[in-house]
Structure formats: C-alpha cells, structure tokens
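J.: Pasting a structure below so you can have a look.
A short reminder: the numbers here are calculations on the coordinates, not readings from a lab. Fair warning: this is a prediction, and the values are worked out from it, not measured in the lab. Backbone-built Cβ (ideal geometry, glycine too); neighbour counts: all protein chains shown.
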Amino acid sequence: MPQHGSPQPHPDIAPVAWLLGTWRGEGAGTFPTIQPFRYGEELRFWHVGKPFLAFAQRTWALDDGRPLHAESGYWRPHPGGLVELVLAEPSGLASIYEGRVAGHRVELATTTIASAPTAKEVTRVVRAYELRDGGVLACTLAMAAVGQPLAHHLAADLRSADADLRNGAPGPRDVTLARGSGPAG
C-alpha cells in the first residue's frame, strides 16, 4: 500500500510515467505577430490511480513575474504508444490532441480546437516533450493562429523540482501538486 493512502499508479500510465512530478525552468517564445520574450514555466503531472495523468501548466514573465499563460487537462495513454491530451485554457480554448509516445519522447498535435466567442483564433498546435540526458525535459510548441501558418512559438528546458521538494527547499510558487498527489488525489 502506498504511503499516506495514495493510490498505486494505474498500469496504463507506464509509457508516460516518466513525466510524473513537478518540472520547472525557463524558455523563450516568439511568433510572427509578437516580440520575442523569455518566460518561466512550471509543469505538474500527477496520478489518482486511474488510467490517465492529470496535468497543470503555468508560465510567467521573467522580467517582472506577471502571469502569462496557464492550462490544465488530462493525458490519456493507450496501447501501442497512442496518447490523447484533453486540455482547457482560461483564454477560452479547449483542445484535444493525439500523438505518440516513444521512449522518453511524446509528440502531440491538435485534432480538435473549440474556442469561446472572445478567444483568439488558434487553428493548430503541435507540441513535443522529451526527457534528455541530464534530466532535462525539453518542451516545444508550434502553432497556427491569428491568420498565421504553423510556426515555432515556444521552447523551454525544465528540470525536476521534486528533488528540491524532498530536500525541503522552497519553490518559487506553491508546490502542492508533487508526485502522486493533486487536487483529486
């Protein structure tokens, strides 16, 4: 039995279990309609014993700490390396992605994007997550939006924050959703 009554991970999450935990780092963004910028990013992946990973992401400006973006959703791995991502954003977008996991790399592309009437137009998003040597989680995102074709938008290198949490070091923000825990777990 896991400590603190936490459920055992569901066996179906094994192909993406390497994502579990909290990841933090920095990245750079660009797009044809905006000025390049630098940002901080935090990703959190946790499980509740069901065949999915829960996911939350947020970014902030490095120059003044203001919030930039957030999203949350569920990663749904399936046999044969198929992964679905169901995602919601406070900007008014809800998306479904499909992709594949191979080793420590996941590539996803939108199959459906629904938007609120006041949301900016986004017509396609492609993302990749890869765990590289040295424990770096490399994250990239390209998008087609506001009349622009698919173009690179974001790239970040993140490291596990869980070692800092285990050693009692405080994180830059709240750290309540570490490995194996979360709002529902």
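J.: Considering only Ala116, Ala138, Ala94, give the residue with the highest GNM mean-square fluctuation for the chain, with springs between Cα atoms whenever their separation is below 10 Å.
T.: Largest GNM mean-square fluctuation: Ala116.
J.: Separate question: I want to make sure I understand the PRE zone here: with the label point 7 angstrom from the Cα of Arg38 toward its beta carbon, which residues in the stretch 58-84 have backbone N atoms less than 16 Å away?
T.: Those under the cut-off are 60-66.
J.: Next question, about the same structure. Determine the gain in length on full extension of the stretch Thr30-Thr112; use 0.36 nm per residue of separation and subtract their C-alpha separation, reporting nm with one decimal.
T.: Full-extension gain reported as 27.2 nm.
J.: Say the dipole of the stretch 3-166 comes from +1 at the beta carbon of Lys and Arg and -1 at that of Asp and Glu; which of Ala70, Val126, Trp46 then lies farthest toward its positive end?
T.: Working it through, the farthest residue towards the positive pole turns out to be Trp46.
J.: Here's a follow-up. Counting pairs of alpha carbon atoms under 8 Å apart in space and at least six apart in sequence, what relative contact order in percent does the chain give?
T.: Relative contact order here is 22 percent.
J.: Take Ser72 and His10, extend 7 Å from each Cα along the Cα→Cβ direction, and tell me the distance between the two endpoints in nm.
T.: 1.8
J.: Another question, if that's okay. Describe numerically, in nm with one decimal, the distance between label points set 7 Å from Cα along Cα→Cβ at Thr123 and at Asp64.
T.: In this crude spin-label approximation the distance works out to 3.3 nm.
J.: Mind putting a number on the dipole of the chain about its Cα centre? Charges go on the C-beta only, +1 for Lys and Arg and -1 for Asp and Glu, and I need it in Debye to the nearest 20.
T.: Dipole magnitude for the chain comes out near 180 debye.
J.: Give me the Kirkwood hydrodynamic radius of the chain in Å, from all C-alpha pairs, to one decimal place?
T.: 17.1
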